[in-house]
Amino acid sequence: MGRPEGQRRATVRDRAGYRFDRTLARSTGTLMGWLVITCLAVVVPVSTLLVWTDPGSPRSLSGRLTAAWRTSAETLRLGAVTGTPLRMVLAALLGLVALLCVSTLVGVITTGLADRMAELSRGRSTVLEEGHIVVLGWSDQAGTVVSELAAAQAPGRPRAIVLLADRDKAEMERALAARMGPGGGRPRVICRSGPASDPGVLTLVSPQTASTVLVLSSDEPAADAEVLRILLALRAVLGTAADGPPVLAAVREDRYLAPARLAAGPRGTVLRTDTVTARLIAQCVGRPGLSLVLRDLLDFAGSEFHVVDAAPFQGRPFGAALLGYADACVIGLLTADARTVLNPPAGTPVEPGSHLIVLSRDEDSARPEECEHLVDPSAVSTAAPPPEKASRLLLLGWNRRAPLVVGQLRRMARPGSVLDVVTDVTVPGPRTSVPTPTPATAPGTGTGTGTGTGTGYEPDHKPGRDASASPPLAVHFRSAPLSHPETLLGLDLSGYDGLVVLGPEPGEGPDRPDDWTLVTLLGLRLLEESTARKLRVVTELTDDRNRPLAPVDPGSDVIVSGNLTGLLMAQITQNRHLAPVFGELFSAEGSTVRLCPAGTYVRPGSEANFATVVAAARARGECAIGYRLHERRTLSPDHGLRLNPHKAARHRWSSEDEVIVVSADPAGLGDPTPDRSRPVSAG
């Protein structure tokens, strides 16, 4: 057969290189032989040339050969012994043995150091710390948790923060450094790499000597199952005794809550992240700006919740404590038997051993100071609060938290309210059989696939409620291709009091779910400009870095679920007694944070201090913790928020200003009074 046309003939150089490569690939001995041959081929000729060109070299041939041998032997460290050929061979043999031993020793040392450095770079060494904070797992919450824990450290007494996750150590360190930024005085952050669900790996972070252990829920589909495995691994390492470090974990789905609490044991607190996010979304629909208030309450910049001794008010009514601090706002009691009571009646006596739950910059700034004399009764308003009305809401999009959002909206709704859900995915119908109402269509969405109302998304039947009564919130489902811009631009939003935008689940939509949300917000912004009507929009994002990109008005409610959970976990880590506080504040029952018109507390146009506002709120059975100025609501960075102002701080109040209070939600809809003295739990 002839050579194919275009194929190049192998040259002698190609064949020689190919044979050389095959020779080197045979064994280590072959490689060593080639190295010896190469060294001799270079050293011996060059040494001979040096001797022959040296004017001081011997004249005889034997002398020159001896000098060339010495030069070559010294170069190769084979010794320089001369004499009989046997002596020279023995000297060369000793030199080769010495070279082999030294090379082997250097190789062993180098390999050992390289392995040790690689082990350290992988984060597999044991942490020998005491009183440190252990964070197990990795998610979008990790950066928020670590940065907030670092911000909460007492000056001069920083505790190390140790993070263990099945990720590359250098990658975690870079991500945390980018989140925390440069700065001196912050605590040491130590990263270790490995599966936290392996008890053998878990011992690397010394959880038995830690002050607190946090277990984060990742963004993977099986995240909750992994949290259970980590809690069981902690149980294996720490045992079941109640005197170990407190454990704080987070799960997404409610069906994992009971197993997680069982695995965490008596020292554990478990948060339901999806439920917390859904509650906040639902609350923000009727209370614009609430997300900004709660975010300010949860981070460690400014004022946050603390527990202080109530001894100065022992035997006095709770109402006296509301005006008993100039630089702190009291919101509740922690009784001697560890029951948390938020916003109790003003006449509730402060019993011995009780503590006060206050909003202050830190525990030391909450110093008792009587402020009753600052109250100006002439500035107190006598106007009745505006009545709660039925509302019409629109929800765009659907994800795993959407059923919880619908359930929370149903709990909070006034009778006669309507929720239209427009989504491009198939939504399961109600679990219970209910009459199908007259079809309702979200204006402009085209032909739909069905409507429905019901109570199947979150169990909300309460004892004492008539099960046959119509639900306070009628839910109508419509299907429409929301990914098409013309669908969104064709909506008639004039009849809605509020909108909720939920992005798709990861894997069900675009690679980055926030992309769909941002496009939807752009469409809503175009509708606002074309109709000259401002829309009250509550938006859910998955990545906090996309918050500045959201095309919404400054100060609007943009909720990042991972960031919210991280802030909440950091707060509870600092004080376990705050778990039931946030559990009630984020619930649809009991006491919660509300923004109310300032005109129901002080007369519009009057100039009054904050002590007068606190007294007016006390008379209405509420605890005032701050206010929001209308003229600054769109200005960064505070958007008009003033939390925990000094009681003597004066302000000329406008009818559009708002007072931030902790109060019982009036939308109880006839439910029994909730038990607000719950033991420590969250979610």
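Tabulated data for the structure shown
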item	result
Whichever aspartates and glutamates have a C-alpha closer than 15 Å to that of Lys534, once near sequence neighbours (fewer than 8 apart) are set aside	Asp492, Asp497, Asp553, Asp557
For region 340-354, 3J(HN,Hα) per residue [Karplus equation, 6.51 cos²θ - 1.76 cosθ + 1.60, θ = phi - 60°, Hz, x = Gly/Pro]	9, 10, 8, 6, x, x, 4, x, 4, x, 8, 8, x, x, 7
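Rule-based calculations on the coordinates, nothing more; no lab input. Model, not experiment: these values are computed from the prediction.
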